[in-house]
Amino acid sequence: MNLKKIRESVVNKRVLLITEGTYPYNYGGVSSWSHTLCNLTKKVDYVIYALNAHYEEKPKYSIHDNVKEIIQVPLWTSYDLCDIMNYGNSYKHTVSKKKATNSISIQYYFLDPFKIFVSNLVGNNRNLDKLEQSIYDLWEYFQKYDYNTTTKHPLVWREFKNIIEQSTDTPSDLVISDVAFSLQYINKLLLTLSVPIPKVDIVHITLAGLPILPALIAKKQYKSSIMVTEHGVFIRENMINISSSSLSFFVKNLIIKSSESICRLAYTRADLVTSVSKFNTKWEFRYGLDEERSKVIYNGVDENRFNIGEKPDHLKSTPTVVAIARIFALKDIITMIKTCEYVTRKIPNVKFIVYGDKKADLEYVKECEDLIHKLNLKNNFILAGHHSQPNKAFLEGDISILTSISEGFPYTVIESMSCGVPVVGTDVGGVAEAITEKTGFVCNPKDHDTLGERVIYLLRNPDIRKHMGIEARKRVLENFTLNKIIQSYEETYEDLTTKRISTKKLTPFY
């Protein structure tokens, strides 16, 4: 082998991992998955492209040497990005873009692709081909002209109002604040088109949502392959969140239409969509993915770290239920609290300990705390905050519980099982693909009475509980170990870079 071939053989693949609201600045299942992927995947150099709500000072995770760069894009910052972030542009280049941006450049070069983008994103007659082309055209525009000056210009405001009136079902009582919020929302999508994209072999996005915009630019610029990994189904979870919000009907409808368009764009333009559960594929196929570009790769757990161990002495005489979950609505901690109240009727000294970030949704945390107080559960239900060693947290419980209304393939389930702690969980996402009748119980979401009955049954039957724990660990060792999962991603990256996975152009109309 000559020197050139030797060099080529040792060059690592470059992967742009695009996250939104997760790794490396927030804890959670997607962050755990991302951290594991970056740490253990061999012959890959990662660049993290983190979409955040606001600017974050530093990551919450220790960054592995495999990660060569972190690009942070704070979507809702009130500052000009060039004032707080360094994307490699010179001061001279930044100033020249601002000087070049005026009413003439906006009128002649921005408004037309902007109109096409908005009308095909949220209009009544959407076309994915036109939407995709407008993304490329807007990206070209932002290479020459300034994002902030453009999006704040009165011409854009007037054009947006016209587009909304012409392309959507505008209610007669539409208020100006709804139009303003909607434009702000659209502009935050466009912000991703103003940030430089590094040259990579693969763009790996962690949800079929906003990350597809910069991913498409990488594919256009560098012919990068696009890979989507769905954890929870983005479009489903977004519909749940938006529908239950206090936003007006007009804004809800606009955001849901936008999410549907972006989701379809991701499923139809990606070279491959991997899902962490079979459940997710039902939604993916419904929104445009074909089976040829679909693959299931379950999450995996470090079976040596998450191992069977002793319950701590201070809890040995206390019937204990453990959960690890961020405190926000999709985890449905309210149902968990009601389950605890049900269990206390039969087991008064039961203790539910919930480890998880309490900063994700402060209003929801307050609602949970109020319910705990109302049901007189302050000694039974503990919101204990983040735990840095989840492997030890699970050992505190006789069983663990999950009450989510939406999930992908939750780490907390297989981590608990790996520790020999049986799980009582809700039948959402891939939960029933992990838990069998030998390893725990699966109940309907929000059914706190049935959840409570299953908890009581396991707490009162230690022999059955122990047997289920043994079977749970056995199932993890056979199906969900870390090495198997990492190997699957390494093989998938190899397939993508050697172009063995083919793409199929789908009809853009819906």
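Computed from the coordinates by the stated procedures, all read-outs in this text should not be read as laboratory data. None of the values given here were measured: they were computed from a predicted structure. Ideal geometry is used to build each Cβ from the backbone, glycine not excepted, and the neighbour counts take in all protein chains shown.
Values computed for the structure shown
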| quantity | calculated |
| --- | --- |
| Options (1) 76, 56, 47; (2) 76, 73, 42; (3) 104, 57, 37 - which one matches Cα extents along the principal axes in Å as calculated here | (2) |
| Protection proxy ranking of 327-336, 393-402, 105-114, 172-181 - average other beta-carbon atoms within 10 Å, highest first | 393-402, 327-336, 105-114, 172-181 |
| Rounded if a/c under 1.5, otherwise prolate or oblate - region 409-497, Cα gyration tensor axes | oblate |
| For the chain, calculated [θ]222 nm from helices alone, where every DSSP H run of n ≥ 4 adds -39500 (n - 2.57) | -14500 deg cm²/dmol |
| Those GluC sites (Glu not before Pro) in region 228-318 that DSSP places in a loop and that have at most 10 other beta carbons within 10 Å | E310 |
| Trypsin sites (Lys or Arg not before Pro) restricted to region 197-246 and DSSP loop, no more than 13 other C-beta within 10 Å | K199, K223 |
| Packing rank of 163-171, 466-474, 337-345, where each peptide gets the mean count of other beta carbons within 10 Å, highest leading | 337-345, 466-474, 163-171 |
| Cα-based reach from K374 at 25 Å (exclusive), listing lysines while leaving out same-chain residues under 8 positions away | K331, K338, K346, K351, K358, K359, K366, K446 |
| Neighbour-limited loop hits for trypsin sites (Lys or Arg not before Pro), region 21-119 (at most 15 other Cβ within 10 Å; DSSP other than H, G, I, E, B) | K42, K43, K60 |
| Cα-centred dipole magnitude for the chain, charges only on beta-carbon of K, R (+1) and D, E (-1), debye, nearest 20 | 880 |
| In sequence order, calculated HN-Hα J values of region 368-376 (Karplus, 6.51, -1.76, 1.60; Hz; x Gly/Pro) | 5, 4, 5, 5, 4, 5, 4, 8, 6 |
